[in-house]
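Here is the structure we will look at, set down as structure tokens.
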Amino acid sequence: MTMTSLNRRTFLTTLAVCASGAGPADKAVTPDHITPETQKAIDKGLAYLARSQAADGSYGDRPALQRNVALTALGGLAFMAGGHVPGKGAYGSNVTRAIEFVLAQESRTVPGFLWHEVQSTHGPMYSHGFGTMFIAEAYGLVDDTALSSRMRATLERAVRLILNSQNEHGGWRYRPVREGDDVSVTICQIMALRSARNAGLTVPKQAADKCAAYVRACQAQNGGFNYFKQGGGTAFPRSAAGLCALYSAGQYQGREIDRALSYLKQFKPGRSGRREPTDNHYYYGHYYAAQAFWTAGEPHWSDWFPAVRDDLTLRGLQRSDGAWMDAYFGQDYATSLACITLQIPNNYLPILQK
């Protein structure tokens, strides 16, 4: 679950190059699979996110989702996936504002808990997991000493809360207590822990091992992952999340991995089992599936990603203003996930470093 110091330095150097003006759209550094058309879609998507960001740095384009920590974290990660350093580059100020907002949402009564308390949104541990991962991914990239110190202190408390909330089975549920568990909340927490450990924080191996055991117990005979350990049914989105959870917990090989990859492949765009944008969690599913196939490497990646890339960019899903739309969670959510997914080949986010 660790990133070598060499990889970390490479990441910082790459981001510095982008901040200086040379970005992924430049021909000399364009990664494989990011076509000129793809880059245009990404540029339009990031421009939309820059316009959509609220004055306080938050995201959420629907009344029930305004000032949402999870959506704000995803918006910040979308910029970072394009190489935009906090405080530097075309969207550096947007990243910094998102960081400031997430830090400001720490609960006054539950130390380290990152969520917007006046919201009545379901499942605040989603906000906490995404918020923690975002701060961890950005930590070390901020020149402002005072802000960096705040990020470190908040991360330590946020990580402690995640560790203290892991239940006896190894999973997590909606609230920061050791009660209940499901694959969808669990992936948010283990990715946050993975990112925090990459950033230099202490994360006991036992927590990752328990998480891996829990996720393996959720796997069904068809290779997909149930929502709960005791069942709940398999589906593409939660199965993509389950495989990412195993990778984040440090399990890269084995029968469980092979079966999960085989299960996910039936949902490749262009096949009869493909997910449609009108299906629940289309963007969520492809966000996790693309990360899973990226980690799996070749030949899985080159078989999967071009189909997903073209599904997102060539089917008319992106609106004229640069946004993608999710029927339930709105434009900020869908656009952030689409941009992160399309920019995975950049290899800029530390959690995806190879």
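For the range 23-34, indicate whether the set of residues that are assigned to a loop (DSSP other than H, G, I, E, B), crowded, with 23+ Cβ neighbours inside 10 Å, in contact with a helix residue (DSSP H, G or I) (Cβ under 9 Å, 6 or more places away or on another chain) and at pLDDT below 95 is non-empty.
Here is the first cut: in the range 23-34, the residues assigned to a loop (DSSP other than H, G, I, E, B) are 23-26, 30-34.
Then drop every residue that is not crowded, with 23+ Cβ neighbours inside 10 Å, which leaves none.
No: the range 23-34 contains no residue that is assigned to a loop (DSSP other than H, G, I, E, B), crowded, with 23+ Cβ neighbours inside 10 Å, in contact with a helix residue (DSSP H, G or I) (Cβ under 9 Å, 6 or more places away or on another chain) and at pLDDT below 95.
Please work out which residue is farthest from Asp56 (Cα to Cα), limiting yourself to the range 120-152 and to residues that are at pLDDT below 95 and in contact with a Leu (Cβ under 8 Å, 6 or more places away or on another chain).
Among those that are at pLDDT below 95 and in contact with a Leu (Cβ under 8 Å, 6 or more places away or on another chain), it is Gly140.
Go through the range 300-343 and give me each residue that's in a loop (DSSP other than H, G, I, E, B), of a type outside the set (A, V, I, L, M) and surrounded by fewer than 20 Cβ atoms within 10 Å (Cβ to Cβ). Quick ask: steps written out before the conclusion?
Of all residues in the range 300-343, those in a loop (DSSP other than H, G, I, E, B) come to 314-325, 327-329, 343.
Okay, now just the ones that are also of a type outside the set (A, V, I, L, M), so 315-316, 318-322, 324, 328-329, 343.
Those that are in a loop (DSSP other than H, G, I, E, B), of a type outside the set (A, V, I, L, M) and surrounded by fewer than 20 Cβ atoms within 10 Å (Cβ to Cβ): Arg315, Gly316, Arg319, Ser320, Asp321, Tyr328.
Condition first: more than 20 Å from the chain's Cα centre (by Cα), under 19 Å from Val183 (Cα atoms) and small (Gly, Ala, Ser). Can you find one or more residues in the range 232-252 that meet it? Quick ask: steps written out before the conclusion?
Looking only at the range 232-252, we keep the residues that are more than 20 Å from the chain's Cα centre (by Cα), and these are 232-234.
If we keep only those that are under 19 Å from Val183 (Cα atoms) too, we end up with 232-234.
Within this subset, residues satisfying the condition of being small (Gly, Ala, Ser) are 232-233.
Yes: one or more hits.
Taking the stated definitions as given, is Leu312 in contact with a Leu (Cβ under 8 Å, 6 or more places away or on another chain) and farther than 22 Å from Ala260 by Cα? Can you show your working first?
On the way: in contact with a Leu (Cβ under 8 Å, 6 or more places away or on another chain): yes; farther than 22 Å from Ala260 by Cα: yes.
Yes; evaluated as a whole, the condition is true for this residue.
Scanning for something among the small types (Gly, Ala, Ser), in contact with a Ser or Thr (Cβ under 8 Å, 6 or more places away or on another chain) and at positive phi, does the range 316-326 turn up at least one residue?
Here is the first cut: in the range 316-326, the residues among the small types (Gly, Ala, Ser) are 316, 320, 322-323.
Filter once more, so that each one left must be in contact with a Ser or Thr (Cβ under 8 Å, 6 or more places away or on another chain): 322-323.
Adding the requirement that they be at positive phi leaves 322.
For the range 316-326, residues among the small types (Gly, Ala, Ser), in contact with a Ser or Thr (Cβ under 8 Å, 6 or more places away or on another chain) and at positive phi: present.
Please give the number of the condition Arg255 fails out of (1) free of Cβ contacts under 8 Å to residues at least 12 places away in the same chain; (2) in contact with a Gly (Cβ under 9 Å, 6 or more places away or on another chain).
(2)
Residues that are assigned to a helix (DSSP H, G or I) and either β-branched (Val, Ile, Thr) or on the phi > 0 side of the Ramachandran plot (or both): does the range 291-299 have at least one? Reasoning before the result, please.
Let us first name the residues in the range 291-299 that are assigned to a helix (DSSP H, G or I), namely 291-296.
From what's left, either β-branched (Val, Ile, Thr) or on the phi > 0 side of the Ramachandran plot (or both): 295.
Scanning the range 291-299, I find at least one residue that is assigned to a helix (DSSP H, G or I) and either β-branched (Val, Ile, Thr) or on the phi > 0 side of the Ramachandran plot (or both), so the answer is yes.
The values are calculated or read from the model by the stated rules, or taken from the named source; none is laboratory data. Only a predicted model underlies this, so the values are computations on that prediction, with no experimental measurement involved. Methodologically, a virtual Cβ is constructed for each residue, glycine included, from the backbone with ideal geometry; neighbour enumeration extends over all protein chains shown.
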